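Worksheet: the structure to be examined is printed underneath.
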Amino acid sequence: MKVSEVMSAPAVAVPPGTSLAEVARQMDANGVGSVLVVEGESLRGIVTDRDLAVRGLAGGLDREARVDALMSRRVITVNVSDDVHVAYRAFRGLGVRRLPVLSGHRVVGMLTVDDLLLDVFQRLAALLGPVAWSILEEPPGPPPAQGPPHGV
């Protein structure tokens, strides 16, 4: 399965000069925990809700400070055509929870641990659904006892 099949698109993105207050509003309005910082079509960084709280607010940055003063510049990404196992390895090995998805150098989406969990749960439900229905169609408990064969 490809990353493109489970990613969220489009990713929420802002330009580098965006205020931290606006970044927080974008996170709230879009129901996301991170925003990509993009200039033109190039990814410049990422900022998370934790960054806003810990490095921003607790670090004494003003709400009107620019996001590029706070963003993480080293961003681990995956390619839209990568196999999803590439993302699993990145999440497991690097300790990140969000991976921007690129097509070439252009941002096309975001893949989160939650996206992968949702996919796993959907696959498990598809697998177990027929089993669950067969159990519901049979009466609970052991099968009825069979009497001795006729003629004995």
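The values are calculated or read from the model by the stated rules, or taken from the named source; none is laboratory data. As the structure is a computational prediction, the values presented were derived from the model and not from experiment. Reconstructed Cβ throughout: ideal geometry from the backbone, glycine too, with neighbour counts over all protein chains shown. The area values use the complete protein model at the heavy-atom level, side chains included, leaving out ligands, DNA and RNA. Shrake-Rupley method; radii C 1.70, N 1.55, O 1.52, S 1.80 Å.
Residue 43 is checked against (1) closer than 22 Å to residue 4 by Cα; (2) over 20 Å from the mean Cα position of the chain (by Cα) and fails just one. What number does that condition carry?
(2)
For region 72-90, how many residues are touching a strand residue (DSSP E or B) at 6+ places or on another chain (Cβ under 8 Å) and either over 15 Å from residue 46 (Cβ atoms) or touching a residue at least 40 places away in the same chain (Cβ under 8 Å) (or both)?
To start, the set of residues in region 72-90 that are touching a strand residue (DSSP E or B) at 6+ places or on another chain (Cβ under 8 Å) comprises 72-73, 75-84, 86-87, 90.
So of that shortlist, the ones also either over 15 Å from residue 46 (Cβ atoms) or touching a residue at least 40 places away in the same chain (Cβ under 8 Å) (or both) come out as 78-84, 86-87.
Residues flagged as touching a strand residue (DSSP E or B) at 6+ places or on another chain (Cβ under 8 Å) and either over 15 Å from residue 46 (Cβ atoms) or touching a residue at least 40 places away in the same chain (Cβ under 8 Å) (or both) within region 72-90 amount to 9.
Under 7 Å by Cβ, and 6 or more places apart or on different chains, what pairs join a residue from region 103-124 that is open to solvent by 80 Å² or more (accessible area, probe 1.4 Å) with one that is modelled with pLDDT of 90 or more?
Hits for this filter: 105/42.
Can you work out which of the residues in region 52-70 that are open to solvent by less than 20 Å² (accessible area, probe 1.4 Å) and under 23 Å from the mean Cα position of the chain (by Cα) is modelled with the lowest pLDDT?
Selected residue: 70.
Among the residues of region 37-45, is there at least one that is in contact with a Phe, Trp or Tyr (Cβ under 7 Å, 6 or more places away or on another chain) and open to solvent by less than 80 Å² (accessible area, probe 1.4 Å)? Step through it out loud before you land on a result.
Going through region 37-45, the residues in contact with a Phe, Trp or Tyr (Cβ under 7 Å, 6 or more places away or on another chain) turn out to be none.
There is no residue in region 37-45 that is in contact with a Phe, Trp or Tyr (Cβ under 7 Å, 6 or more places away or on another chain) and open to solvent by less than 80 Å² (accessible area, probe 1.4 Å).
State all residues of region 1-32 that are part of a loop (DSSP other than H, G, I, E, B) and either hydrophobic (A, V, I, L, M, F, W, C) or farther than 19 Å from residue 68 by Cβ (or both); if no residue qualifies, say none.
The initial filter retains those residues of region 1-32 that are part of a loop (DSSP other than H, G, I, E, B), namely 1, 6-7, 9-12, 15-18, 31-32.
Passing the criteria: 1, 6, 7, 9, 10, 11, 12, 31, 32.
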